[in-house]
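The values are calculated or read from the model by the stated rules, or taken from the named source; none is laboratory data. Keep in mind it's a predicted model, so treat the numbers as computed, not measured. Every residue, glycine among them, receives a Cβ derived from its backbone with ideal geometry; neighbour counts consider all protein chains shown. Ligands, DNA and RNA are excluded from the accessible area calculation, which covers all protein heavy atoms including side chains. Shrake-Rupley method; radii C 1.70, N 1.55, O 1.52, S 1.80 Å.
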Amino acid sequence: MSEELMPDKNGRFGIYGGRYVAETLVPALEELSEQYELIKKDDKFLKEFKADLKDYVGRPSPLYFAKRWTELLGGAKIYLKREDLNHTGAHKINNTVGQILLAKHMGKKRIIAETGAGQHGVATASVAARHGLECIVFMGEEDIQRQSLNVFRIKLLGAKVVGVNSGTSTLKDAMNEAMRDWVTNVDDTYYIIGSVAGPHPYPQIVRDFNAVVGEEVLEQSKAVIGKDPDMLVACVGGGSNAMGLFYPFIEKKNVRLVGVEAGGLGLSTGKHAAPLNDGKEGVLHGMRTYLMQDDAGQVIETHSVSAGLDYPGVGPEHAWLKDIGRAEYESADDEEALDAFKELTRVEGIMPALETAHGIAYVKKIAPTMSEDQSIVVNVSGRGDKDINTVASIEGIEL
Amino acid sequence: MTSKIKEVFSNIKAENRKALITYIVSGDPDTETTIEIMNSMVQQGTDIIELGIPFSDPMAEGISIQKGHERALEKGASLSGAFELLKKFRVNDEKTPIVFMGYMNTFESLGANKFMQEAVKASLDGILIVDMPPEESSNFSIEAEKVGVDIIRLIAPTTSSSRAKKICSQCSGYVYYISVKGITGASNINAEEVKARVSELRSHTDLPIAIGFGIKDSSSASSVKDVADGVVVGSVFVDLIGEGGNIIEKVESKTKELSEVLS
């Protein structure tokens, strides 16, 4: 089956994806699928979505040639897709702008979301404010500590932040809690999932709303590079920024697609968040995918310096792309990400999010091995302002 | 082989009462106590026990049962452990139907085939995998049918009539009707709504219908007993176990109370 037709009618990407949820949610997901299939072909919706991407988000985001960084690394030319310049500071807004229109179309009055680093929480709270809808954001207590700036932003935007104490108190537990809220308030509530994860049709919806990133790169490459890039690089937690960049290029087999997972303290230590590199097939959050789990099927604690990548699963389409060999999945550890964060900041004056820095770290490794007439596009999925406290505390500096 | 679950329901019908189905988490607070609790429950009138298989991410559970899962996991509980536990329980009780209730990922850690081999050895009667709707259940359905393990399925207030019919046709043992939109331990049960829905389900199936998710005390149990063939009570027991103290005594008196309401 052509990747363009994925997911299939059962919401599967190969064996991955699907809809592994308690019965209460199955009818809600069926309704969401039906409504999404209708709306995505609706001219009025598409016009509104495009207008919001332009005037509210500030698209298109530039494709920027990182000249000094390219010279420093000495190899392939490096181009940055500047999603960090979007309104609210990351690619996450693309998806929320689309899903809130879908929520309104479905007549829902109440918006819920989970968030890890807080970027999806901020993006959801922003569009909810703009449309005057009630918004509740679930966030693990540990993430609330390490992303306090975003917590305050979400509150300023008028949304309520609900701290989640169960399990590991991070993104996966926030998602469990959001699901529990949704199942309880399913009649009037729309759940805006922030990654290409969860039960069908979320992986498809979130991919489609983020695909604008790759579509722009496809166009911009012609003018900026003069040809297709040789390689696309993006960090992968749940995988929404990577999927958005990769999707329009999947049929272009001349372009290598590389996702970079969080290597944490190193793959060999087991303390990481790299299920595609070191996990195995399982079912969590309504989807079949690669999971970090033990032999008894318990999901294990993940570790990453970046809250947004600290997730034991990954979007099912990435699992599929890995298995069919269309995309490659590498990892960068905490230290490499921090070095990359600093290097891009000093050399280009662009401070990437710690999530993004994992992609940057891989480029640091691979670019020097490529030739000068080759080119890499790396998705700068978000900006690093939110991570300043984390970086400072690692360096022992109190702000 | 006749299903023990079927037999129990037909006996209960003959006695003109309703089935009391109780839920606890396997290994909460530890294996030995779980077995003791199961024995006491049976003595005080429990007809079927649903044994929760602890999972790190029990998405459909309210806070009470989540905590039960966490306590059990801290003690190293697992699916394999639940089979060992059941084998020990079976030494003294061959009759009481036991259902494993849990989540796909732990069940799949054994695989459907191996799971059913273990199920036969431990004389397990049914499975209820919360996040396994009929569309996602082929392996477990096929293997369960081969060995005569019942597959209990959930029907929710949001389930359409046509979908309910389809689910009933792929269900065995009993149909589990979720009485509220929500998670386990929710408290907003509407007896009238439940009544209407259950009578509709009767037109789809001859299987017994049990009601759960919102039944936490004698009064909520009694509010639905006339329409159902059984009620499932879980959170209240898991809370008692969490409280500590003389767990067995507390569980016995709660079981007795509920069992009397249903007779």
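Okay, here's what the table says:
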{"quantity": "Which listed residue is free of Cβ contacts under 8 Å to residues at least 40 places away in the same chain and not β-branched (Val, Ile, Thr), from B:157, B:134, B:208", "calculated": "B:134"}
{"quantity": "Residues (part of a helix (DSSP H, G or I) and either among the aromatic types (Phe, Trp, Tyr) or open to solvent by 20 Å² or more (accessible area, probe 1.4 Å) (or both)) located in the stretch A:154-169", "calculated": "A:155, A:156"}
{"quantity": "Answer residue from the stretch A:14-42, given it is within 10 Å of another protein chain (Cβ to nearest Cβ) and surrounded by fewer than 18 Cβ atoms within 10 Å (Cβ to Cβ) and is farthest from the chain's Cα centre (by Cα) among those", "calculated": "A:27"}
{"quantity": "Some residue of the stretch A:301-321 being of a type in the set (Val, Ile, Thr) and in contact with a helix residue (DSSP H, G or I) (Cβ under 6 Å, 6 or more places away or on another chain)", "calculated": "yes"}
{"quantity": "Residue under evaluation residue A:301, criteria (1) within 12 Å of chain B (Cβ to nearest Cβ); (2) at pLDDT 95 or above, criterion not met", "calculated": "(2)"}
{"quantity": "Residues of the stretch B:145-165 that turn out to be within 25 Å of residue B:97 (Cβ to Cβ) and either away from chain A (no Cβ under 11 Å) or not in a loop (DSSP other than H, G, I, E, B) (or both), as a count", "calculated": "12"}
{"quantity": "Unmet criterion (only one of (1) crowded, with 24+ Cβ neighbours inside 10 Å; (2) not in a helix (DSSP H, G or I)) for residue A:124", "calculated": "(2)"}
{"quantity": "Hits in the stretch B:198-215 - residues which are within 26 Å of residue B:187 (Cβ to Cβ), part of a loop (DSSP other than H, G, I, E, B) and out of contact with any strand residue (DSSP E or B) (no Cβ under 7 Å at 6 or more places or on another chain)", "calculated": "B:214"}
{"quantity": "Extreme residue, least open to solvent (accessible area, probe 1.4 Å), among residues of the stretch B:216-237 that are without any contact (Cβ under 8 Å) to a residue 60 or more places away in the chain and part of a loop (DSSP other than H, G, I, E, B)", "calculated": "B:227"}
{"quantity": "Every residue from the stretch A:274-295 that is in contact (Cβ under 8 Å) with a residue 60 or more places away in the chain, among the aliphatic types (A, V, I, L, M) and more than 8 Å from chain B (Cβ to nearest Cβ)", "calculated": "A:287"}
{"quantity": "The stretch B:194-204, subset more than 19 Å from the chain's Cα centre (by Cα) and away from chain A (no Cβ under 14 Å), residue surrounded by the most Cβ atoms within 10 Å (Cβ to Cβ)", "calculated": "B:204"}
{"quantity": "Test: residue in the stretch B:249-257 that is hydroxyl-bearing (Ser, Thr, Tyr), at pLDDT below 95 and under 17 Å from residue B:23 (Cα atoms)", "calculated": "no"}
{"quantity": "Failed condition for residue A:226, given (1) surrounded by fewer than 18 Cβ atoms within 10 Å (Cβ to Cβ); (2) in contact (Cβ under 8 Å) with a residue 24 or more places away in the chain", "calculated": "(2)"}
{"quantity": "Subset of the stretch A:346-365 that is small (Gly, Ala, Ser) and open to solvent by less than 30 Å² (accessible area, probe 1.4 Å) - its residue that is farthest from residue A:240 (Cα to Cα)", "calculated": "A:361"}
{"quantity": "Selection within the stretch B:36-47 - assigned to a helix (DSSP H, G or I) and open to solvent by 20 Å² or more (accessible area, probe 1.4 Å)", "calculated": "B:36, B:39, B:42, B:43"}
{"quantity": "Residues of the stretch A:172-188 that turn out to be more than 19 Å from residue A:103 (Cα to Cα) and either without any contact (Cβ under 8 Å) to a residue 60 or more places away in the chain or open to solvent by 20 Å² or more (accessible area, probe 1.4 Å) (or both), as a count", "calculated": "2"}
{"quantity": "Strands (runs of 3 or more DSSP E) completely within the stretch A:235-312 that count 2 or more residues being open to solvent by less than 20 Å² (accessible area, probe 1.4 Å) and touching a Phe, Trp or Tyr at 6+ places or on another chain (Cβ under 7 Å)", "calculated": "A:256-264, A:287-291"}
{"quantity": "All positions within the stretch A:38-94 that are assigned to a strand (DSSP E or B) and of a type in the set (D, E, K, R)", "calculated": "A:77, A:81"}
{"quantity": "Filter result for the condition that a residue is touching a residue at least 60 places away in the same chain (Cβ under 8 Å) and closer than 19 Å to residue B:129 by Cα, over B:49, B:12, B:53, B:24", "calculated": "B:24"}
{"quantity": "Any hit, the stretch A:318-331, residues being modelled with pLDDT of 95 or more, in contact with a Ser or Thr (Cβ under 6 Å, 6 or more places away or on another chain) and not in a helix (DSSP H, G or I)", "calculated": "no"}
{"quantity": "Residue that is nearest to residue A:307 (Cα to Cα) [pool: residues in the stretch A:170-193 that are part of a loop (DSSP other than H, G, I, E, B) and within 12 Å of chain B (Cβ to nearest Cβ)]", "calculated": "A:170"}
{"quantity": "Test result for residue B:26, surrounded by 24 or more Cβ atoms within 10 Å (Cβ to Cβ) and modelled with pLDDT of 95 or more", "calculated": "yes"}
{"quantity": "Within the stretch B:166-193, tally of residues that are within 12 Å of chain A (Cβ to nearest Cβ), open to solvent by 50 Å² or more (accessible area, probe 1.4 Å) and part of a helix (DSSP H, G or I)", "calculated": "1"}
{"quantity": "Failed condition for residue B:58, given (1) in contact (Cβ under 8 Å) with a residue 40 or more places away in the chain; (2) surrounded by fewer than 16 Cβ atoms within 10 Å (Cβ to Cβ)", "calculated": "(2)"}
{"quantity": "Residue check, residue B:12 crowded, with 19+ Cβ neighbours inside 10 Å, touching a Phe, Trp or Tyr at 6+ places or on another chain (Cβ under 7 Å), among the β-branched types (Val, Ile, Thr) and part of a helix (DSSP H, G or I)", "calculated": "no"}
